[in-house]
Amino acid sequence: MLSLVTLGATVQASVGFGLALIAAPVLLLVHAPLIPGPLMAASLVLVVLVAHRDRTHIDLSGLAFAMVGRTVGTLLAAGFLLLASQALFDLAFGALVILGALLSGAGLHFRPNRRSAVLAGGLSGLMGTISSIGGPPMALLYQSSGAARLRGTLAGFFVLGTSLSVVALVAVGRFGSEEVVLSLSLTPPLVLGFALAAPLHNRLPETAVRPLVIVLSLGSGAVVIWRAIF
């Protein structure tokens, strides 16, 4: 399980996203309390490291508008989590995993502007707070902006957006002392993944890992939905 977290962290530190798409479905199946709060909180360590490394490439203007959307999406997700049963949560989680995978492989192209940044940020907030998978909408928005700008802007967005989502989870009773302990248990493999990505982040093309991420996510999302229904 922890090796999968390390792999996800290595992918995200190399190409900008992928940690939750790879690790979250399996973590939910193995130990459900790890999702969404502990993985999100632990991932803050990773995204802070990546944001610092790629800080000169962060699109600050786009980040500001994306955070407007993230705030709205996070509030909607918090309302859902406050009311949802475990079965409904599993169904929503599985559907969002599959949606994230489909968005990652869609090949759609959007120009980063105020409107698209708000929409991508809103979808990311909704998906991320419920499932911890908030990367694909923002990755889709910045996929044509260059690898360094993609990594830096997504990392900066995750630092702010994930912090907001964790606060929302605390407010609805989904993040407490147990989740803090679980978050700490996930931190070492995330730091290891960042270290392993050091020789890769300027060399590993996103196209080399995207198919693997998509296949793993589709399979895991389907298993989660199957378990929730049957």
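The values are calculated or read from the model by the stated rules, or taken from the named source; none is laboratory data. Since this is a predicted model, take the numbers as computed values, not measurements. So basically every Cβ, Gly included, is an ideal-geometry build from the backbone, and we count neighbours across all protein chains shown. Keep in mind that these areas ignore ligands, DNA and RNA; they rest on the heavy atoms of the full protein, side chains included. Shrake-Rupley method; radii C 1.70, N 1.55, O 1.52, S 1.80 Å.
Sorting 81-91, 179-189, 152-162 by their mean Cβ neighbour count within 10 Å, with the most densely packed peptide first, gives 152-162, 179-189, 81-91. Ligands, DNA and RNA left out, the 1.4 Å accessible surface of the range 82-137 is 68% carbon and sulfur atoms.
Have a look at P25, I98, L60 and report the one farthest towards the positive end of the charge dipole of the range 13-147, computed about the Cα centre with Cβ charges (Lys/Arg +1, Asp/Glu -1). So the residue we want is L60.
Accessible surface area normalised per residue over the range 1-72 is 34 Å², counting heavy atoms of protein chains with a 1.4 Å rolling probe.
The accessible-area ordering, largest first, of the residues R53, R115 stands as R115, R53, per a 1.4 angstrom probe.
Pairs of Cα atoms nearer than 8 Å and 6+ residues apart set the relative contact order; for the chain it is 39 percent. If you take the Cα centroid of the range 1-62 and the Cα centroid of the range 68-113, the two points sit 16 Å apart. As a length-normalised measure over Cα pairs under 8 Å and 6 or more apart, the relative contact order of the range 50-187 settles at 38 percent.
Under a Cβ-only charge scheme (Lys and Arg +1, Asp and Glu -1), can you give me the dipole magnitude of the chain about the Cα centre, in debye to the nearest 20? With only Lys, Arg, Asp and Glu charged at Cβ, the dipole is about 520 debye. Accessible area per residue for the range 78-146 is 42 Å², calculated with a 1.4 Å probe on protein heavy atoms, without ligands, DNA or RNA.
In a fully extended conformation the segment linking L2 and N113 would gain 36.2 nm over its present Cα-Cα distance, using 0.36 nm per residue. Between rounded, prolate and oblate, where does the range 1-79 land on the alpha carbon gyration tensor, with a ≥ b ≥ c its root eigenvalues, rounded for a/c under 1.5, else prolate if a/b exceeds b/c? Oblate, since a/c reaches 1.5 and b/c is not below a/b. Helices that extend 24 Å or more along their long axis by alpha-carbon positions and average at least 1.0 on the Kyte-Doolittle scale are, among the DSSP H runs of the chain, 37-53, 60-83, 86-104, 147-171, 177-196, 206-229.
Starting from the Cα gyration tensor of the range 97-201, take the square roots of the eigenvalues, sort them a ≥ b ≥ c, and report rounded, prolate or oblate (rounded when a/c is under 1.5, otherwise prolate if a/b is larger than b/c, else oblate). Kindly include the intermediate steps, with their values, before the conclusion.
Values: a/c = 2.09, a/b = 1.31, b/c = 1.60.
Oblate shape, in that a/c is at least 1.5 and b/c is the bigger or equal ratio.
Taking a ≥ b ≥ c as the square roots of the eigenvalues of the Cα gyration tensor of the chain, is the shape rounded (a/c under 1.5), prolate (a/b larger than b/c) or oblate? Because its axes are fairly even, with a/c under 1.5, the chain counts as rounded.
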